[in-house]
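The values are calculated or read from the model by the stated rules, or taken from the named source; none is laboratory data. Bear in mind the structure is a predicted one, so any value in this text is a computation, not a measurement. Here the Cβ positions follow ideal geometry from the backbone for every residue, glycine too, while neighbour counts run over all protein chains shown.
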Amino acid sequence: MKRFLTCVAVPAFLCSQAAAVEIAPDAVKIDEMKVSQSLTGATGNAEEGAKVLANRGLGNCLACHVVTPLAKEQFHGNVAPALDGVADRWSEAELRAIVVDAKRVFSEETVMPAFYSLEVGINVRKDLAGKTILTAQQVEDVVAYLTTLKGSK
Amino acid sequence: MKRLSVLLLVSVASISGLAVMAYADPVDDTLTIDDREMIIRAKAPEGHPFDEVLSGWLFRESETRATEADSFANPGMLAVERGEELWNTVDGSMGKSCSSCHNDASATMKDVGAHFPKWDAKARKPVNIEMKINDCRTERMGAEPYKFDAEEQVALTTYIKHQSLGTPVQIDLSQGEMQSWWDKGKELYYTRTGQLDFSCASCHEKSMGKFIRADHLSQGQVNGFPTYRFNTAGMVSLHNRFRGCIRDTRAEMPKAFSDELMALEVYVTWRGTGLSVETPAVRQ
């Protein structure tokens with residue numbers, strides 16, 4: 001349904017290309033700690049999201065967060081609160097905002113990186129300049145996975 | 001209460017098979033090397049963000065700690081031996097060795113390493129031991145300067161720093177423009193770099209004592225450098241470590257001995273004021 005709406009808003013020939021409906025990093029609106037619209041226009045894949053969470057070259061969320069359902073992955077850090085039951089505490093739109101840019105949800109002071117923002121630190125490694133840590137698709141996959149983390153076990 | 005939560009964590013971890021570390025605070029222990037007790041906790045100097053400065057040794061696992069405590073087991077002592085050999089080796093066009101001028105390092109270099117970086121009036125900037133070695137090589141020996149992280153540079157630095165084993169770190173900020181380099185270093189310490197947007201403080205101040213993946217975050221003190229690292233089975237120089245930490249923020253790395261890293265060295269050395277020199281410390 002959402003996809004349909006997006007499609008009528010843009011010329012039909014662009015609709016087949018995912019990039020055409022993707023929200024660019026500097027166009028993401030965070031209102032009241034929420035990003036309500038999917039960055040890709042579609043729901044992410046939770047299974048892929050779990051991989052992004054664990055992968056050290058992608059989300060590497062486990063560097064800082066314990067996630068009990070991902071216990072088979074080694075070495076969960078404890079810099080940050082465990083993500084167990086996180087979907088009971090935050091809505092999907094809030095979780096998306098946290099992953100996009102935690103600084104705009106918690107505070108400027110947070111150590112959590114902004115995964116879909118270009119407002120990052122100085123002297124970014126040259127080959128990464130102008131790139132976000134995660135793609136829009138990966139953010140959606142992570143969000144889809146986070147929404148499964150209900151009930152603290 | 002703390003004990004209770006630790007126990008809970010352990011039992012949760014063993015049920016779920018999670019690789020959560022059982023204990024995340026620095027250990028309560030003492031470190032004695034060659035019959036000399038090291039100062040591994042010291043009252044922080046005024047204006048320091050912590051009340052107490054802590055040696056990185058306190059954050060390592062028991063085997064790593066035991067290896068540092070035993071000079072016969074410490075693989076870093078091989079670098080000390082190699083440094084001694086270089087100290088006595090003639091090199092360069094003037095036919096001199098370090099010992100030609102400085103004689104017995106155990107006397108002439110005693111406690112010297114605990115007070116670097118120092119203001120260098122001629123260069124008009126702070127210099128560290130590595131730079132001082134290159135200075136003597138080029139100016140007084142007619143020898144080539146060592147390239148950054150050359151095996152000889154690391155070994156000689158380790159040897160010289162080891163002559164201060166146990167001596168508290170204390171640098172003189174009243175010399176020359178040391179204070180403005182300290183200011184610059186402090187600014188850099190709190191500047192977020194790279195795509196991951198971390199400053200030194202994100203890890204070594206805000207997250208000190210926590211685990212980031214498998215790494216127990218210390219205060220990032222410099223008193224053990226050059227250190228022996230098990231991971232790479234070799235010695236690691238301070239600027240190598242700085243560069244590694246900066247690389248991990250996904251930033252371009254400043255050059256070794258650049259003004260940036262020297263300012264950082266001045267400031268971070270000050271943050272460890274009062275801790276014993278532990279060179280060669282042993283790390284994971």
Matching helices (runs of 4 or more DSSP H) fully within the range B:77-182 where at least 2 residues are under 17 Å from the mean Cα position of the chain (by Cα): B:77-87, B:129-136, B:151-162
Do you know which residues across the range B:225-256 are assigned to a loop (DSSP other than H, G, I, E, B), away from every other protein chain (no Cβ under 14 Å) and touching a helix residue (DSSP H, G or I) at 6+ places or on another chain (Cβ under 6 Å)? B:PHE225, B:PRO226, B:SER237, B:ALA256
Being away from chain B (no Cβ under 14 Å) and touching a residue at least 12 places away in the same chain (Cβ under 8 Å) narrows it down to one of A:VAL86, A:VAL100, so name that one. A:VAL86
Residue by residue through the range A:65-83, note down the ones that are at the interface with chain B (Cβ under 7 Å from one of its Cβ atoms) and either surrounded by fewer than 21 Cβ atoms within 10 Å (Cβ to Cβ) or not small (Gly, Ala, Ser) (or both). A:VAL66, A:THR68, A:ALA71, A:GLN74, A:PHE75, A:HIS76, A:ASN78, A:VAL79
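Determine which member of the set A:GLY41, A:GLY49 is in contact (Cβ under 8 Å) with a residue 12 or more places away in the chain, surrounded by 20 or more Cβ atoms within 10 Å (Cβ to Cβ) and touching a Lys or Arg at 6+ places or on another chain (Cβ under 6 Å).
None of the others qualify; the one that does is A:GLY41.
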Of the conditions (1) in contact (Cβ under 8 Å) with a residue 12 or more places away in the chain; (2) within 13 Å of chain B (Cβ to nearest Cβ); (3) among the aromatic types (Phe, Trp, Tyr), the single one that A:PHE106 does not satisfy is (1)
Against the condition surrounded by 16 or more Cβ atoms within 10 Å (Cβ to Cβ), modelled with pLDDT of 95 or more and not polar (S, T, N, Q), how does B:GLY92 come out, does it pass? no
Odd one out for B:ALA233 among (1) in contact with a Lys or Arg (Cβ under 8 Å, 6 or more places away or on another chain); (2) surrounded by fewer than 18 Cβ atoms within 10 Å (Cβ to Cβ): (1)
Hey, A:LEU62 hits all of (1) part of a helix (DSSP H, G or I); (2) within 11 Å of chain B (Cβ to nearest Cβ); (3) surrounded by fewer than 21 Cβ atoms within 10 Å (Cβ to Cβ) but one; which does it fall short on? (3)
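Can you pull out the residues in the range A:101-131 that are outside any loop (DSSP other than H, G, I, E, B) and in contact with a Pro (Cβ under 8 Å, 6 or more places away or on another chain)? It would help to see each step written out before you state the result.
Going through the range A:101-131, the residues outside any loop (DSSP other than H, G, I, E, B) turn out to be A:102-104, A:122, A:124, A:126-128.
Matches in the range A:101-131: A:ALA102 only.
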If you check B:ARG283 against the conditions, is it buried (at least 18 other Cβ atoms within 10 Å of the Cβ) and in contact with a strand residue (DSSP E or B) (Cβ under 7 Å, 6 or more places away or on another chain)? yes
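Going by the conditions given, is B:TYR189 closer than 25 Å to B:GLU278 by Cβ, within 14 Å of chain A (Cβ to nearest Cβ) and either crowded, with 17+ Cβ neighbours inside 10 Å or under 16 Å from the mean Cα position of the chain (by Cα) (or both)?
Working: closer than 25 Å to B:GLU278 by Cβ: yes; within 14 Å of chain A (Cβ to nearest Cβ): yes; either crowded, with 17+ Cβ neighbours inside 10 Å or under 16 Å from the mean Cα position of the chain (by Cα) (or both): yes.
Yes; evaluated as a whole, the condition is true for this residue.
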